[in-house]
Every structure is written in C-alpha cells, then in structure tokens.
Amino acid sequence: MKTDTLPVVAVIVATRNRAEAIEKYALASLERSAFRDFVCVVWDASDDTATREACESGRRPFAVCYRKASRVGSSSQRNDAVRHVLTAYPSVRVAVFIDDDCELSEDALDGVMETFRSGRVSIVNIPTKPVASPSFRAKVRKRVKRCLRMNRHGAAPFLYNYGGEDETPGGDGEWASGGGMAVDISVFRELHIFFPEAFQRFGGYALGEDFAFSFFVFKKLHGRIVNSLRGHFLHYAAGSSRLDIKNMAASKWYNFHLLFDAVYGDLTGLKKTVLTFAFKLFMYAAALKLLIRARSLDIRAAARGIAAARAALRLCRRESGEYPALFDGCEKACKNSMDWERTW
C-alpha cells in the first residue's frame, strides 16, 4: 500500500531466510496496529525471494519498504536500514525495531508514541509477554530468581538479565530488547550512535547488540530508557541457525569485553580493578551457563571459543588502541550528550 501521509514512525525488521515467520508474526501484527502513521522497512538478507514475495503480496493497510541487504548481519542490516530511513523518510521521528518472529500488540505503537511524549526519553522498551502460560517448573524457577534478585530486566553493572520484574509500564530501565525497541531518531541522526557491527565477528547473529547499544546510550550518554506506557510484544522463537558452542562462547567473550572497554575504559584505580575482577568472574560464569543451557559437557569447544575471542581481542586492540571505539562517533556524542534534549 502506498500512502501520501509522511510517516512519523519507521518499523524496521532485519531478517534472513524466515519468510514464514515475518509474514505470520511481524507483518500480521502490524496489520492489526491501531497506530497507522508508520512505514515498515524490511531489510532482507535471504538466499531466496520468499521474503520479498511475502512483503509484496496482497494489499496491506500500511506502507512496506522492502530492500535486499547488501551486508549480512543483524547489526549491519539494522544500521543500513536506519541510514536508509534517515535519507528516504526525513519525517520519521522514531525507529522501532522488532524481530521477524515477534508480534506487536495492537496498542504497542500508540504506547510508544505516548511514552515519548511523556518526557525526556531516548529509548522506549516495549515489554515482552510470554506466549503461553508458564509451566510449574518455570514458576518455581521464577520464584528462585526473584529471591536471588536475578529475575529483572536490568544491568548490574555490565551484565544483563531478561526478567519481567523491571518491565512495569512507565518504569525506568537500563537497556532495551531488540525484539521490541523504539529509539528517538536523533540518537542516530545527531549523536551518530549505531548498533555495534564488531559484535558480528563470530557470526551474523550479533549476540547482545541490542543490550550493548541501549546500555551504552544509558550509561555513557545519560539517555533515559523507559518501559512503554502501553503495549507489549510476543516472541515466538521461530528458530534459526544460531551459533554452535565454540562460536557462541567466542561471541560472548569477545562482544562483552568490547562493551566493557567502551563503557568503562576511562575508569582508573581501585574501582577499575574491582570491576574488572567481577567482570572476569561473570564471563567465566557466562561460559558455564552456556554449557548448561546447551545441555552439553563440551568444555573443549567453549575453551576453543574463548581462545579465539582472546586472540581477536589482542588483534583489535593492537590495531585500534587499548580501548577500541565500539560505536560510531561515540567520543563526540559523549561530549555533547549532556546538552541533548528533545521536545515532543
């Protein structure tokens, strides 16, 4: 559907080889959206034409901009889509990112815009809801996590956990999920901060890039992240060829070390020493958690992944300095962040 209305929102979906999922979940949910002043930008790295056919088939009640991706990777595809929006849709004020296997509620986009209008907000986190009722085991696990203060959607101070405790409507957050994240377009246009493409070093699935992007805006640029006042999204986990144990361990080790450098590289003294020690413990715990989640005892694969990540980090630091810049224009943005104020 083509429209003469200038869109205020761009809903960006980076996808690859999941035509059935994007049609069944992402596009279908947008058809039911109460908010209509948006364009859906699909950045597709598929090996066939199925996704394009899904996007261009039939008459949808919203505009769809389909583009074939020239680069493969969740970060690079999102960044290329944003740059296209900045050029092709100057009226857009908010970029909403959803995954192809995620479904927005009817009031999600209305809730996003209401939240931005409520005050100084850089990023709106759209809360997630479970697809099905939790099992008895899941309920017990949630209670245990709550007692251990692990069931929270937060960061303390360099790791993140995906719990529901901190996703109450209107509540402040420290990071946002790529399955349902809305960003003030000026973060890209004026501050020149984009999703970290270095996170794709060990595969096209850029593990943790949503957390890294949003947490950097929160921690270094003093941007405010708020849970949407209304709406939610559902994640149906359509399945994909994500990384094996070796590459997943390498991604975790490499990506989070880069993020740690970007966020805490300017710290010195005892505070830096203590934080670095805690971070190392966290990283080894993350490797152990990976094996537990994969139900595998392949410690050798995890060790090979960590060794590969360490080698890549040494090379990166030799080429870029002790603390490589992870985000485009981050030094300039950090200097100007305190003066950044948007009026809605």
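Here, each number is a calculation from the coordinates, and none is a lab measurement. A quick note: this is a predicted structure, and the numbers were derived from the prediction, not measured. Every residue, glycine among them, receives a Cβ derived from its backbone with ideal geometry; neighbour counts consider all protein chains shown.
Fewest Cβ neighbours within 10 Å first, please rank Leu191, Leu275, Leu281, Leu109 accordingly.
Arranged by neighbour count, lowest to highest, Leu191, Leu275, Leu281, Leu109 become Leu281, Leu275, Leu191, Leu109.
Can you report the principal axis dimensions of the stretch 245-336 using only the alpha carbons, biggest first, rounded to whole angstrom?
47, 28, 22
What does the convex hull of the Cα atoms come to per residue for the stretch 31-97, in Å³?
Cα convex hull per residue, to the nearest whole number: 96 Å³.
In whole Hz, with x marking every Gly and Pro, tabulate ³J(HN,Hα) for the stretch 215-227 from phi via Karplus 6.51 cos²θ - 1.76 cosθ + 1.60, θ = phi - 60°.
Values, residue by residue: 5, 5, 4, 5, 7, 9, 9, 6, x, 9, 10, 10, 5 Hz.
Please tell me the relative contact order of the stretch 245-336 in percent, rounded to the nearest whole number, where contacts are Cα pairs under 8 Å and at least six residues apart.
52
Can you run phi through the Karplus equation (6.51, -1.76, 1.60; θ = phi - 60°) for the stretch 175-184 and list ³J(HN,Hα) in whole Hz, with x for Gly and Pro?
7, 9, 8, x, x, x, 10, 10, 10, 4
I need His257, His222 ordered by Cβ neighbour count within 10 Å, fewest first.
Least crowded to most crowded, the residues run His222, His257.
Enumerate by residue number the trypsin sites (Lys or Arg not before Pro) in the stretch 246-286 meeting two conditions: DSSP loop (anything except H, G, I, E, B), and at most 13 other Cβ atoms within 10 Å of the site's Cβ.
Within the stretch 246-286, no trypsin sites (Lys or Arg not before Pro) qualify (loop, at most 13 other Cβ atoms within 10 Å).
Going toward the positive end of the dipole of the stretch 245-336, with +1 on Lys and Arg Cβ and -1 on Asp and Glu Cβ, which of Leu297, Cys316, His257 do you reach last?
Leu297
Distance cut-off 25 Å, Cα to Cα: go down the list Lys24/Lys68; Lys246/Lys289; Lys252/Lys272; Lys246/Lys280; Lys24/Lys252; Lys220/Lys289 and report the pairs above it.
Lys24/Lys252; Lys220/Lys289
At a 10 Å Cβ-Cβ cut-off, how would you order Tyr66, Tyr254, fewest neighbours first?
Ranking Tyr66, Tyr254 by Cβ neighbours within 10 Å, fewest first, gives Tyr66, Tyr254.
Let me know the charge dipole size of the stretch 245-336 about its Cα centre in debye, to the nearest 20, where only the beta-carbon of Lys, Arg (+1) and Asp, Glu (-1) is charged.
Dipole magnitude for the stretch 245-336 comes out near 420 debye.
Based only on Cα atoms, what Rg/Rh ratio does the stretch 1-135 have, Rh being taken as Kirkwood's radius?
0.95
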